[in-house]
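Enquirer: Structure below; questions to follow.
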Amino acid sequence: MNPLKILMIGPQGSGKSTQSKLLAESLKIPVISTGEIFRKLSKERVGFGQIIRTILEEGRLVDDQTTYTIVEDRLNQSDCRKGFVVDGYPRNIEQLRLFDPHFDRVIYLDVPEQELIRRLMERGRSDDTDESVKRRLELYYQQTQPLLEYYKKQRILIEISGMGDIQTIQDEIKKRI
Ligand code: AMP
C-alpha cells in the first residue's frame, strides 16, 4: 500500500486521540498529535512553556505561525515518509493556508454535543475545566468544523459515527480507509 497520510478530525471528546493511536499502530506509521506536542512543551517551566501552559489552561489555540512551523517540521522527519496519522492539525482555515499536509484520507468522528460534554467532564484532564471545555467546543464548531466542507469537496472525507465502543469504531475506520 502507498504511504497513507491521514487526518483524524473531530471535536474534543470524540475519541480522536484514541482512534488515531490505534490506527497508527495497526498501519505501523507514526501519529502526530499537536495537543500532545503542546502538552509536553507546556511542562517546560520557563519561557515558551509558560506561554503554552496558559493557552492550554484557558482552552485557547496556540498561534497559527508557531503551530504550522512545529507540524511542518515534524512531518518532514524521516519516520513520516511511510505515512502518518495527524491528530489536531489543521484546526482552522488559516493553518491550512499556511501549511497543507495534503492528506489522502480525512476521518471525521461524529459525536453529538451533549455526549461530548458528558465525556469531557468525566475525563478530567488538567486542562479540562468547565470554561476551557466550553471554549474549546465553541472554537471547534466555529473554526475547525468548516474544514470538513473543504475535504468533502476534495472527496477524501470519511464520516464515522464516534458513538459506540472503541474497537467497533476502529474496525469501521479500517474498513473505510
Ligand atoms: P487537543 O489534545 O487536540 O484537544 O489539543 C489540546 C490543546 O492544544 C488545544 O486546546 C489547543 O490549545 C492546543 N492545540 C492543539 N492543536 C492545535 C492547533 N492545530 N492549533 C492551535 N492550537 C492547538
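A short reminder: the numbers here are calculations on the coordinates, not readings from a lab. Note that this is a predicted model, so its numbers are computed, not measured. Virtual Cβ from ideal backbone geometry, glycine too; neighbours counted across all protein chains shown.
Enquirer: Given 25 °C and 0.890 mPa s, how large is the Stokes-Einstein diffusion coefficient of region 92-159 in µm²/s, with Rh as the Kirkwood radius over Cα pairs?
Expert: 180 µm²/s
Enquirer: Something else now. Rounded to the nearest 500, what is the chain's calculated 222 nm mean residue ellipticity when only DSSP H runs of at least 4 contribute -39500 (n - 2.57) each, over all residues?
Expert: Details: 9 runs with 88 residues, N = 177.
Helix contribution divided over all residues of the chain: -14500 deg cm²/dmol.
Enquirer: Determine, from the Cβ-Cβ distance of Ile158 and Phe48 and an R0 of 25 Å, the FRET efficiency 1/(1 + (r/R0)^6), rounded to the nearest 0.05.
Expert: Calculated transfer efficiency: 0.10.
Enquirer: Taking just the alpha carbons, could you work out the radius of gyration and Dmax for the chain, both in angstroms?
Expert: 15.6, 45
Enquirer: Here's another thing I want to ask about it. In this model, which of Lys134/Lys175; Lys40/Lys82; Lys5/Lys153; Lys16/Lys152; Lys152/Lys174 are farther than 27 Å apart at the alpha-carbon? Please report the intermediate quantities before stating the final value.
Expert: Details: Lys134/Lys175 33 Å; Lys40/Lys82 25 Å; Lys5/Lys153 17 Å; Lys16/Lys152 19 Å; Lys152/Lys174 19 Å.
Exceeds cut-off: Lys134/Lys175.
Enquirer: Right, here's the next one. Taking only the alpha carbons of region 1-81, what extent do you get along each of the three principal axes, in Å, biggest first?
Expert: Result, largest extent first: 43, 28, 20 Å.
Enquirer: How about region 124-177: which trypsin sites (Lys or Arg not before Pro) there are in a DSSP loop, with at most 16 other Cβ atoms within 10 Å of their Cβ?
Expert: Hits after loop and neighbour filter: Arg125, Arg155.
Enquirer: Rg to Rh ratio, region 9-54, alpha-carbon atoms and Kirkwood radius?
Expert: Details: Rg = 13.2 Å, Rh = 12.0 Å.
The Rg/Rh ratio comes out at 1.10.
Enquirer: Let me ask something else about it. Would you please name the GluC sites (Glu not before Pro) within region 76-177 that are DSSP coil residues with at most 11 other C-beta atoms within 10 Å of their C-beta?
Expert: Taking region 76-177 and a limit of 11 other Cβ atoms within 10 Å, no loop GluC sites (Glu not before Pro) are found.
Enquirer: Related question: Using only the Cα atoms of region 49-123, build the gyration tensor, take square roots of its eigenvalues as a ≥ b ≥ c, and label the shape rounded, prolate or oblate: rounded if a/c is under 1.5, else prolate if a/b is larger than b/c, else oblate.
Expert: Oblate, since a/c reaches 1.5 and b/c is not below a/b.
Enquirer: Separate question: List the trypsin sites (Lys or Arg not before Pro) within region 1-57 that DSSP assigns to loop and that have no more than 15 neighbouring Cβ atoms inside 10 Å.
Expert: Numbers: sites: Lys5, Lys16, Lys21, Lys28, Arg39, Lys40, Lys43, Arg45, Arg53; in loops: Lys28, Lys43, Arg45.
Here the trypsin sites (Lys or Arg not before Pro) that fit, given the DSSP loop and packing criteria, are Lys28, Lys43, Arg45.
Enquirer: Over the chain, what relative contact order in percent results from Cα pairs under 8 Å that are six or more residues apart?
Expert: Answer for the chain is 35 percent.
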